[in-house]
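Chemist: Sharing a structure with you now.
The values are calculated or read from the model by the stated rules, or taken from the named source; none is laboratory data. Note that the structure is a prediction, hence the values are computed from the model and not measured. Every residue, glycine as well, gets a Cβ built from its backbone with ideal geometry; the counts of neighbours run over all protein chains shown. We work out accessible area using only protein heavy atoms, side chains counted, and drop any ligands, DNA or RNA first. Shrake-Rupley method; radii C 1.70, N 1.55, O 1.52, S 1.80 Å.
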Amino acid sequence: VALDLLPLLLDDLETNNGANHEELWKRGWDDAMAGWNSIADGRVKIEQASAGLVHVALVKEGAGAPASLSPYALHRGLKEAGLGGDQPNAVDRVLHCRAVDGKDGRYRYEYNKPGYGWVSRLVKRKPVASVDNDMLIRELNAGKGGSWSSGGGLTGICRTSAPGDIGPSELLEKLEFLESEGAR
């Protein structure tokens, strides 16, 4: 059925910019553009945070940033920062950091593999190092930093289920240590 609609969809894209079939693409497009705009205007900052055994990109999501950064916007942001999967400084992990409104020094975190990180063998991109999710969650819950639980989807490693009082730099050091210990 979908293939039967393809000529109509392509014609609509060429003649009406897809207006007759917006329900199929508009929400995803708007999410991707909102995410990219938040990167372009600085509400979301992407930087290389670690170049040890595991390369980590820190994604600081500021006030006014979308509640969830589109994976398409993140992919483009990583490429623009020189941290994409086919670039020399490709990252193995992405740490999303969002300050909790009105709570000085309290943060919510998500620690993920990059979007292509669920694939174990890639042709053009750097392979992503494996991770012991359970060990990370156990060790993060044993110290300060909030309450941690399993991440979601194909790329999620772990996330805070409640805000923590550990800052991004301290958390990055802890994650780098835990991942280097887990690799032994």
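Chemist: Share of region 2-160's accessible area from carbon and sulfur, percent, 1.4 Å? List each step's numbers first, then the result.
Modeler: Working: 4800 of 9370 Å².
Accessible surface attributable to carbon and sulfur in region 2-160 totals 51 percent.
Chemist: Here is a follow-up. Describe numerically, in nm with one decimal, the distance between label points set 7 Å from Cα along Cα→Cβ at Gln87 and at Ala34.
Modeler: Modelled inter-label distance: 2.5 nm.
Chemist: Helix 168-182 sits at what angle to the longest principal axis of the chain, using alpha carbons and giving 0 to 90 degrees rounded to 10?
Modeler: 80 degrees
Chemist: Could you report the chain's accessible area per residue, 1.4 Å probe, as an integer in Å²?
Modeler: 59 Å²
Chemist: Output needed: percent of Cα pairs per 5 Å distance bin for region 1-66, bins running from 0 to the one holding the longest distance.
Modeler: Bin by bin from 0 Å, the calculated values are 4, 15, 15, 13, 12, 11, 9, 10, 8, 3, 0.
Chemist: Let me ask something else about it. Remind me, relative contact order of the chain in percent, using alpha carbon pairs under 8 angstrom and six or more residues apart? Present the calculation step by step, with values, prior to reporting the outcome.
Modeler: On the way: 292 pairs, mean separation 30.2, N = 184.
RCO, the chain: 16 percent.
Chemist: Here's something else I'd like to know. Taking 0.36 nm per residue of sequence separation and subtracting the Cα-Cα distance, how much length would be gained by fully extending the chain between Lys79 and Ala129, in nm to one decimal? Each step should come with its number before you reach the end.
Modeler: Details: separation 50, 0.36 × 50 = 18.00 nm, distance 1.89 nm.
16.1 nm is the gain from fully extending Lys79 to Ala129.
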